[in-house]
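Single-structure report; data block below.
The values are calculated or read from the model by the stated rules, or taken from the named source; none is laboratory data. All of these numbers come straight from a predicted model, not from anything done at the bench. Counting neighbours? That spans all protein chains shown, and the Cβs are built from the backbone with ideal geometry, glycine included. With ligands, DNA and RNA removed, areas are computed over all heavy atoms of the protein, side chains included. Shrake-Rupley method; radii C 1.70, N 1.55, O 1.52, S 1.80 Å.
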Number of protein chains: 2
Amino acid sequence: MKNPIADLNKIFDSRIRLGVMSVLVVNDEIGFNDLKQMLELTDGNLASHLNTLEQADFIKVHKGFIGRKTSTTYSITALGKQAFKAHLDALEKMIRKL
Amino acid sequence: MKNPIADLNKIFDSRIRLGVMSVLVVNDEIGFNDLKQMLELTDGNLASHLNTLEQADFIKVHKGFIGRKTSTTYSITALGKQAFKAHLDALEKMIRKL
DNA sequence: TAAAAGTGCTTTGTTTTCCAAAGTTAAATA
DNA sequence: TATTTAACTTTGGAAAACAAAGCACTTTTA
């Protein structure tokens, strides 16, 4: 029998990063505070996970304004989409036996 | 929007424990060494993850013999099945939006 | 206009988790 | 009797996660 976990992406072992990606797959853009509230995280914790995803080129940051307020939003990259899909495929393969 | 990761089970954040469970769902019993080879782990590492799963009452240990050789096998418990299924349901719900 | 509050971080320090390597015990085989 | 195998336990170090505090900047409020 083949190693069932070999194809899982280590970046997505984290529930938080998994959550961020799952949100970004269906939302073109999402703001820092929306994510923070949705995932119930402290700023520091969220920022560090976002940083990990950005380092991997899985998400992109956009700094802009809403009216006159600063606003940072995040979106998924093509690479991110691909990696996330591959991870889900690996997960599914692992449990499709059910 | 609701927190998409709140229903994930922390025990299954670990790819290894996830792998063990996915194997045990389809195999009534599996031996320590089979698991070790399948998941490509050191004994200590595997033993500690198995211990975590046993503490949670998600798996059961059977110590016996094959012929005159000692043999330890593991099986999933009812609680384990239930918890694993709940985790998969949470995962699916999180990504069904796709 | 001074104080308060919000945004989005970075830094700091602690706790938790992970993991390999070595040590252990008991039985089996050479 | 020496070595090997099975299944751990212990040890120790590295990595990851996380909360809390600090910070720079802007905007709103009193």
- From the option list B:Leu79, B:Leu88, single residue qualifying as within 14 Å of chain A (Cβ to nearest Cβ), in a helix (DSSP H, G or I), surrounded by 12 or more Cβ atoms within 10 Å (Cβ to Cβ) and free of Cβ contacts under 8 Å to residues at least 24 places away in the same chain is B:Leu88
- Query: Of A:Asn3, A:Asn33, which residue is within 10 Å of DNA strand C (Cβ to nearest atom) and either assigned to a helix (DSSP H, G or I) or more than 12 Å from the chain's Cα centre (by Cα) (or both)?
  - Reply: A:Asn33
- So how many residues does region A:36-45 have that are within 8 Å of DNA strand C (Cβ to nearest atom) and closer than 19 Å to A:Ile66 by Cβ? 2
- Message: Taking the criterion of being at pLDDT 95 or above and surrounded by fewer than 17 Cβ atoms within 10 Å (Cβ to Cβ), would at least one residue in region A:68-76 satisfy it?
- Response: yes
- Task: Please work out which residue is nearest to DNA strand D (Cβ to nearest atom), limiting yourself to region A:34-47 and to residues that are more than 13 Å from chain B (Cβ to nearest Cβ) and open to solvent by 60 Å² or more (accessible area, probe 1.4 Å).
- Result: A:Thr42
- Message: Restricting to region B:57-96, and then to whatever is of a type in the set (A, V, I, L, M, F, W, C) and farther than 22 Å from A:Met94 by Cα, can you tell me which residue is nearest to DNA strand D (Cβ to nearest atom)?
- Response: B:Val61
- Could you identify the single residue in B:Ile66, B:Ile16 that is among the aliphatic types (A, V, I, L, M), free of Cβ contacts under 8 Å to residues at least 24 places away in the same chain and within 12 Å of DNA strand C (Cβ to nearest atom)? B:Ile66
- Message: I need a count of the residues in region B:4-13 that are open to solvent by 20 Å² or more (accessible area, probe 1.4 Å) and facing chain A (nearest Cβ under 9 Å).
- Response: 4
